[in-house]
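Read the structure below first, then the notes.
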Amino acid sequence: MIFSLPVAAVLVGFLIAYFLKPAINNAVKLLLSFSGAFLLSITIFEFLPDLYASGSKNTGLFIMGGLLLQILLEFLSRGAEHGHLHLDNERRQIPWLLLISLCIHSAFEGFPLAENKDLVYGIVIHKIPIAIIISSFLLVSNISRIQVLVFLLIFALMTPLGSFLGQLDIWSPVIKSNINALVVGILLHVSTTILFESSKNHQFNASKFGVILLGIGLAYIL
């Protein structure tokens, strides 16, 4: 499950982007808000308490390190992890900086999944709208369909790769705890950025608020 579901999420996102295209714009924004609320709630309800229970003295330091790492990654990806990616009709080659950033992000988020089953659902729900946005970006670019598929395949495999690495016996409990703290920082940055971005003209968005409540409630139930 920890290997197949993240890959399936990218496939679903690509198919939605390919067949529905602009008709899904508003729905993607709501799905993104839901995924941000769900991912943040799972992190706070499940992942964060377990992390602090491990007793590592450097947990807070590595969480802040994860926040800073994600800021650097978003400099390369232009915010693709939380839905900010501008369409580029002139691009004629694979956006390598975007791919590298997304691969690092995905590998880290896959690392703790073997020991945090509920987090798998948060990552999967988060990946679907991100895959839709990335696929839409790539499909309107002037790169070949083969390059699009190679990009998405590499992106899809990075989370399972992170999960595989996380299951290896090469990590001491301290190192594993520190890496998990980095992941918490990454997830906190991504999910809060999704949630706390201002609505257009700073207006209250009842639909967005509703899906955020739904995401929090579902995470709490799980």
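The values are calculated or read from the model by the stated rules, or taken from the named source; none is laboratory data. Fair warning: this is a prediction, and the values are worked out from it, not measured in the lab. No Cβ is skipped: glycine too gets one built from the backbone with ideal geometry, and neighbour counts run over all protein chains shown. With ligands, DNA and RNA removed, areas are computed over all heavy atoms of the protein, side chains included. Shrake-Rupley method; radii C 1.70, N 1.55, O 1.52, S 1.80 Å.
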Q. Any idea which of L15, L11, L40 is assigned to a helix (DSSP H, G or I), at pLDDT 90 or above, open to solvent by 70 Å² or more (accessible area, probe 1.4 Å) and touching a Ser or Thr at 6+ places or on another chain (Cβ under 9 Å)?
A. L15
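Each row is one residue, and each column tells you yes or no for (1) within 22 Å of I63 (Cβ to Cβ); (2) modelled with pLDDT under 95; (3) touching a Phe, Trp or Tyr at 6+ places or on another chain (Cβ under 7 Å); (4) among the polar types (S, T, N, Q).
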{"site": "I128", "(1), (2), (3), (4)": "no, yes, no, no"}
{"site": "F137", "(1), (2), (3), (4)": "no, yes, no, no"}
{"site": "R145", "(1), (2), (3), (4)": "no, yes, no, no"}
{"site": "I175", "(1), (2), (3), (4)": "yes, yes, no, no"}
{"site": "H189", "(1), (2), (3), (4)": "yes, yes, no, no"}
{"site": "E197", "(1), (2), (3), (4)": "yes, yes, no, no"}
{"site": "V211", "(1), (2), (3), (4)": "no, yes, yes, no"}
{"site": "L218", "(1), (2), (3), (4)": "no, yes, yes, no"}
(Q) Given the criterion of a type in the set (A, V, I, L, M, F, W, C), farther than 30 Å from Q93 by Cα and either surrounded by fewer than 19 Cβ atoms within 10 Å (Cβ to Cβ) or in contact with a helix residue (DSSP H, G or I) (Cβ under 9 Å, 6 or more places away or on another chain) (or both), identify the matching residue among I133, I123, I221. (A) I221
(Q) Which numbered condition in (1) over 19 Å from L20 (Cα atoms); (2) assigned to a helix (DSSP H, G or I); (3) open to solvent by 30 Å² or more (accessible area, probe 1.4 Å) is the only one that N142 fails? (A) (2)
Q) How do the pairs read when you match residues in the stretch 171-195 that are more than 21 Å from S33 (Cβ to Cβ) with residues anywhere that are buried (at least 18 other Cβ atoms within 10 Å of the Cβ) and among the charged types (D, E, K, R), using Cβ under 9 Å and keeping only pairs 6 or more apart or on different chains? A) V183/E109
Q.
Take the conditions open to solvent by 30 Å² or more (accessible area, probe 1.4 Å), in contact with a Pro (Cβ under 7 Å, 6 or more places away or on another chain), among the hydrophobic types (A, V, I, L, M, F, W, C) and assigned to a helix (DSSP H, G or I) and apply them to V28. Does it pass?
A. no
Q) Among the residues of the stretch 75-120 satisfying the criterion of being open to solvent by 60 Å² or more (accessible area, probe 1.4 Å) and touching a Lys or Arg at 6+ places or on another chain (Cβ under 8 Å), which is modelled with the lowest pLDDT? A) H86
(Q) Here are the criteria: (1) at pLDDT below 90; (2) open to solvent by less than 30 Å² (accessible area, probe 1.4 Å); (3) touching a helix residue (DSSP H, G or I) at 6+ places or on another chain (Cβ under 7 Å). Tell me which single one G66 does not satisfy. (A) (1)
Q | Verdict on T192 being part of a helix (DSSP H, G or I), of a type outside the set (D, E) and buried (at least 21 other Cβ atoms within 10 Å of the Cβ) | A | no
